Amino acid sequence: MSTAAITYLTMLFLSLIMAGAMAIGWARFGRPRHALSWSIAYGLYAVALLAAGIGSAVAPLHPLLSLLALVSMLVSAALLVVGARQRAGLPEWRWQLSIAAALMLALSLGIGRFPAAAPFSWLTASLFTLIMLPFVIAAIAPRGRSPDAAEWALIVTLCAFTLFESTFIVSSLASALHPGDARLHALYTNIYLIGLMPIFVANGIAAMLLLASDLAAELRALASHDPLTGVLNRRGFQEAAVRAIANGRRQRQAIAVAIADIDHFKSINDRFGHTVGDRTLDYICARLASGLRTGDLVGRIGGEEFALLLVNSTAEQAVQAVERIRVEVATGFSDDGAPVPVTVSFGVAAVNTGTAHLESIMAEALDEADHALYRSKLDGRNRTTLADAA
């Protein structure tokens, strides 16, 4: 068996494996849309390889299968972009990419009508892939933060793929323009046979690592966040607060904690129903989050109880911040036009970032804030109490 045949069969086998692995990842791990798009992309690449192989062996079917191979490769490249943008939460560009693929297909068919240019018509699929790759890289690169290890791996392999595709197109054109030059033909053949397989394997592995990394991040988020409101749960708040206190100790920053409790929450459920009760929790979380600064924390630590940690803030400054939130919350919200009255009581305490164990520091501060909250309840609710004053 020739080297070309081995490369062809290996690429077909790897394409099917990647398509199946991505499909399993989509079906088993929350059905992320980008995994399905990439699964279809790898599947279509396998279709393109199979169609090209059969077309070369069966002459009567060659025109039809060559067209199928070209269409499959164009759609496969477009789906790589769609999947990357789906993962990033960006507009998918389905219509734009469909039009671009159709134009590239028309260009290929138009070139194929001229005998002198026909050898170049099949390069349109590689050219289209080359054009698509920078869009994939741009979508994979995160916004507002540095890429993690899995994202870096895929970005690097995609850059290598872009370099390979550029080299491949140039060598192909050189070989086609000088059909009698054995050295150029050998260069083109070697680039294809030696470079394609490792680049393809590296990109496939990097894509699977990214999918696994995304799943791990999602599982971590589920373990640390409240599923109803989306804010940190008790465990997530505790872990994040301990890290913040450790950083505050290093930076010698003042830190304060607050505990908030919805007043008469049971009566809201009894009067308006549990659906409105859930909406009330969402409303409170939105107000708490909007009233805090970047770096501050908010978590739901009980049924209707919330904890806040305000970094680089004294207890007195924290009182001012939560007072603004308390006043805003008291305006209430409407449920299908019917007003829903809701108020919140707060207890605030300073965090002593001394030399004690971080978990102990956090527990003590929360306990002080809880006692201050209890005083707010005794004094009539819908108020803020500072622990020292309590």
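Residue-wise test of (1) of a type outside the set (D, E, K, R); (2) touching a Cys at 6+ places or on another chain (Cβ under 7 Å); (3) exposed (fewer than 15 other Cβ atoms within 10 Å of the Cβ); (4) at positive phi.
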position: Glu323; (1), (2), (3), (4): no, no, no, no
position: Val342; (1), (2), (3), (4): yes, no, no, no
position: His357; (1), (2), (3), (4): yes, no, yes, no
position: Ala369; (1), (2), (3), (4): yes, no, no, no
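Within region 309-338, the residues that satisfy the criterion of being out of contact with any strand residue (DSSP E or B) (no Cβ under 6 Å at 6 or more places or on another chain), small (Gly, Ala, Ser) and in a loop (DSSP other than H, G, I, E, B) are Ala330, Gly337.
Here's the yes/no breakdown for (1) in contact with a Ser or Thr (Cβ under 9 Å, 6 or more places away or on another chain); (2) at pLDDT 85 or above; (3) in the same structural domain as Ser15 (by TED's automatic domain parsing):
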| site | (1), (2), (3) |
| --- | --- |
| His178 | no, no, yes |
| Leu184 | yes, no, yes |
| Asn203 | yes, yes, yes |
| Glu239 | yes, yes, no |
| Ile245 | yes, yes, no |
| Ala260 | yes, yes, no |
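Under the condition of being free of Cβ contacts under 8 Å to residues at least 24 places away in the same chain and in a helix (DSSP H, G or I), the residues counted in region 265-289 number 9.
Residue count for region 285-312, restricted to those that are in contact with a Lys or Arg (Cβ under 9 Å, 6 or more places away or on another chain) and aliphatic (A, V, I, L, M): 4. Can you spot a residue in region 218-229 that is crowded, with 21+ Cβ neighbours inside 10 Å and either more than 23 Å from Asp278 (Cα to Cα) or outside the structural domain of His357 (by TED's automatic domain parsing) (or both)? The answer is yes, given that some residue of region 218-229 is crowded, with 21+ Cβ neighbours inside 10 Å and either more than 23 Å from Asp278 (Cα to Cα) or outside the structural domain of His357 (by TED's automatic domain parsing) (or both).
The values are calculated or read from the model by the stated rules, or taken from the named source; none is laboratory data. Computed from a predicted model, the values in this text were never measured in an experiment. Neighbour counts run over all protein chains shown; Cβ positions are idealised from the backbone, glycine included.
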